[in-house]
There are 2 protein chains.
Amino acid sequence: MKAEKGKTVVGFAGLGVMGQSMAGHILDAGYDLLVYNRTKEKAKNLIERGAVWKDDPRSLAEGSDVVITMVGYPADVEQVYLGKGGLLEGARPGAVLIDMTTSSPGLAVKIAEAARAKGVDVLDAPVSGGDRGAREATLSIMVGGDEKVFNDMAPLFNIMGKGIVLQGGPGSGQHTKMSNQIAIASGMMGVCEAVVYAKKAGLDPDRVLSSISAGAAGSWSLSNLAPRMLKGDFAPGFFVKHLIKDMKIALEEARAMGMETPGLARTLELYEELAALGYENDGTQALYRLYDK
Amino acid sequence: MKAEKGKTVVGFAGLGVMGQSMAGHILDAGYDLLVYNRTKEKAKNLIERGAVWKDDPRSLAEGSDVVITMVGYPADVEQVYLGKGGLLEGARPGAVLIDMTTSSPGLAVKIAEAARAKGVDVLDAPVSGGDRGAREATLSIMVGGDEKVFNDMAPLFNIMGKGIVLQGGPGSGQHTKMSNQIAIASGMMGVCEAVVYAKKAGLDPDRVLSSISAGAAGSWSLSNLAPRMLKGDFAPGFFVKHLIKDMKIALEEARAMGMETPGLARTLELYEELAALGYENDGTQALYRLYDK
């Protein structure tokens, strides 16, 4: 069943900052929208715009052709899909469930298998691009699952993002997101160390950035986060606690493949030190705090 | 004295791959060029095009208004500037010596002080952009030294590069280059780990790159070196042995400032392991070899 506005009923579970933007775009595109969230308060705005509230994941799935989830941690994903009163209890044969949470690839496979037994299709489709990507509908979406289901869901993905790529079977979207987070992790150490080195050497760090950002040292983090570090702006684009979650999943998966990841392992240690100091709700650029002392 | 073609005689010492391109541009721009290199053979092409050979750094400096050096290691820089038969023995009062080698900030200060005692001006002006930047005259040039001298030498810098920035007093160019190399170092761990993770997870790594290169994980290394890693192309743009040299200088300087650089320290260990396996003349993307096994 190809997603189609006016026909397909979409359920959305998980109305955090990103989920609210994403669900809002689907509503604006003309789809009937059902919503569920742990805290009903956060659904208020969408309900006022026409979304219909459901009391639990099961009843959300019962009323929906497609359910999209954007929750917090793998434990939340497991609860929402496989727990008592969860999506799989309510999903009708032929329904499609799409998890856009960044979560464990292994769990994505487990959910896909449990769903298949009930005639339900599942895609794992984590995103990158943060709040802003969600708000501006420019998220990069990395998808794992069946090709036909992916194509059927393309109209919905296109409402939320750009750069939508099917990476392979179940779990492949999550693995791709892990690859993304692994590249970000060590890169952040490099950016912090480069900026603090420049400062301690008595240079003007902003002028140093003007020399190094456009060349071989250049990165998204250097261009976008280093200037915030230097201003002492640690407001979250992306939370420290969420990067820690992602790095833990990635490290566990890498170990299961017998792969050593010294950069990732060291970065995770540093971020855990940062969280222990009380900065888990800062943005990831706050790693700078550990160095600039 | 402002550099001016047809008037200013330029000496160039160090005719490796980059030095040859840079000296060639100066010749093509209409300057009189004297050259010196440890191996005369490498000067042949420039001599055929009109450059005049000199037998040692001292006689190079005796005949030049400006001398540019592009040699290998800090020990070579020290020898060429301060050693017996070196540049400072031959340089005339009012001459300008420009070291474009990536070398130690402390040594740059030492040379600047020794030169000042003789009425000679020195700039440290390391570059980034590699062979290709040298060939296409698009090098980024990070300069330390006196502002008037920097302005006087601008016509020469403009012949070799773009993005030419005076970063501060003597040693500031080298410190800026160290900041650049520090950002590159940890970033390379991240790129290798991300790519090998994707491969081991059974994904198509090129397709993964298409999802992650344009977003928050994006970097020059991910866009330019990850595809070479995947093709098994380890030919040097920038040599492993030279990055090791740079990282050692940076680590020593950071320690002298009382700064911890866990990412840099770990990356240096990995590159030393790689060099010990015999890959010191590969390009820096060969770090991938350690992971892909």
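Here, each number is a calculation from the coordinates, and none is a lab measurement. Computed from a predicted model, the values in this text were never measured in an experiment. When we count neighbours, we look across all protein chains shown, and the Cβ atoms used for this are built from the backbone with ideal geometry, even at glycine.
Of the trypsin sites (Lys or Arg not before Pro) in segment A:128-201, not one is in a loop by DSSP (not H, G, I, E or B) with at most 12 other beta carbons within 10 Å. Within the shell of other residues whose beta carbon sits under 13 angstrom from the beta carbon of A:Gly263, the net charge comes to -3, with Lys and Arg scored +1 and Asp and Glu -1. Using alpha-carbon positions, what is the distance between the centroids of segment B:1-63 and segment B:118-144, in Å? Measuring centre to centre over Cα atoms gives 15 Å. Here is how far apart the A:Glu269 label points are across copies: 0.7 nm, shortest first, using a point 7 Å from Cα toward Cβ.
For the rotational copy pair B/A, the chain B residue whose Cβ lies nearest the symmetry axis, together with its distance in Å, is B:Ser219, 2.
Taking Cα centre as origin and charging only the Cβ of basic (Lys, Arg, +1) and acidic (Asp, Glu, -1) residues, the dipole magnitude of the protein assembly as shown rounds to 380 debye. Rounded to the nearest Hz, the phi-derived 3J(HN,Hα) couplings of segment A:213-219 under the Karplus curve 6.51 cos²θ - 1.76 cosθ + 1.60 (θ = phi - 60°) are 5, 8, x, 5, 8, x, 7, where x marks glycine and proline. For segment A:62-69, 3J(HN,Hα) computed residue by residue from phi via the Karplus equation (6.51, -1.76, 1.60; θ = phi - 60°) reads 4, x, 10, 7, 10, 10, 10, 10 Hz, glycine and proline entered as x.
Going from the residue with the fewest nearby Cβ atoms within 10 Å to the one with the most, B:Arg116, B:Arg58 rank B:Arg116, B:Arg58.
Of A:Lys42/A:Lys110; B:Lys42/B:Lys245; A:Lys293/B:Lys245, which pairs sit farther than 25 Å apart, going by alpha carbon to alpha carbon? The answer is A:Lys42/A:Lys110; A:Lys293/B:Lys245.
The Cβ shell under 13 Å around A:Ala51 holds other residues with a net charge of +2, Lys and Arg each +1, Asp and Glu each -1.
Taking amide H as placed 1.01 Å from N in the peptide plane, A:Ile164 has its amide H under 5 Å from the amide H of A:Ile141, each at least 5 places away in sequence or on another chain. For the pair segment B:259-293 / segment B:156-201, the C-alpha centres are spaced 16 Å from each other.
Here segment B:175-291 is treated with +1 on each Lys and Arg Cβ and -1 on each Asp and Glu Cβ, and its dipole about the Cα centre works out to around 200 debye.
Within chain B, DSSP assigns beta bridges of which about 15% are antiparallel (rounded to the nearest 5).
Ordering A:Tyr81, B:Tyr73 by the number of other Cβ atoms within 10 Å of each residue's own Cβ, fewest first, gives B:Tyr73, A:Tyr81.
In the structure displayed, which of A:Lys177/B:Lys199; A:Lys231/B:Lys248; A:Lys84/A:Lys241 lie more than 18 Å apart, Cα to Cα? With Cα atoms farther than 18 Å apart: A:Lys231/B:Lys248; A:Lys84/A:Lys241. Annotation: the residues A:Asp204, B:Asp28, A:Asp246, B:Asp55, sorted from fewest to most other C-beta atoms within 10 Å of their own C-beta, follow the order B:Asp55, B:Asp28, A:Asp204, A:Asp246.
Would you please classify the overall shape of segment B:1-143 from the alpha carbon gyration tensor, given that a ≥ b ≥ c denote the square roots of the eigenvalues, rounded means a/c under 1.5, and beyond that prolate means a/b larger than b/c while oblate covers the rest?
rounded
Net charge dipole, chain A: roughly 340 debye, given to the nearest 20, about the Cα centre with Cβ charges of +1 for Lys and Arg and -1 for Asp and Glu. Rounded to the nearest whole Hz, the Karplus-based 3J(HN,Hα) values (6.51 cos²θ - 1.76 cosθ + 1.60, θ = phi - 60°) of segment A:158-170 follow the sequence 5, 6, 9, x, 9, x, 9, 10, 6, 9, x, x, x, with x at glycine and proline.
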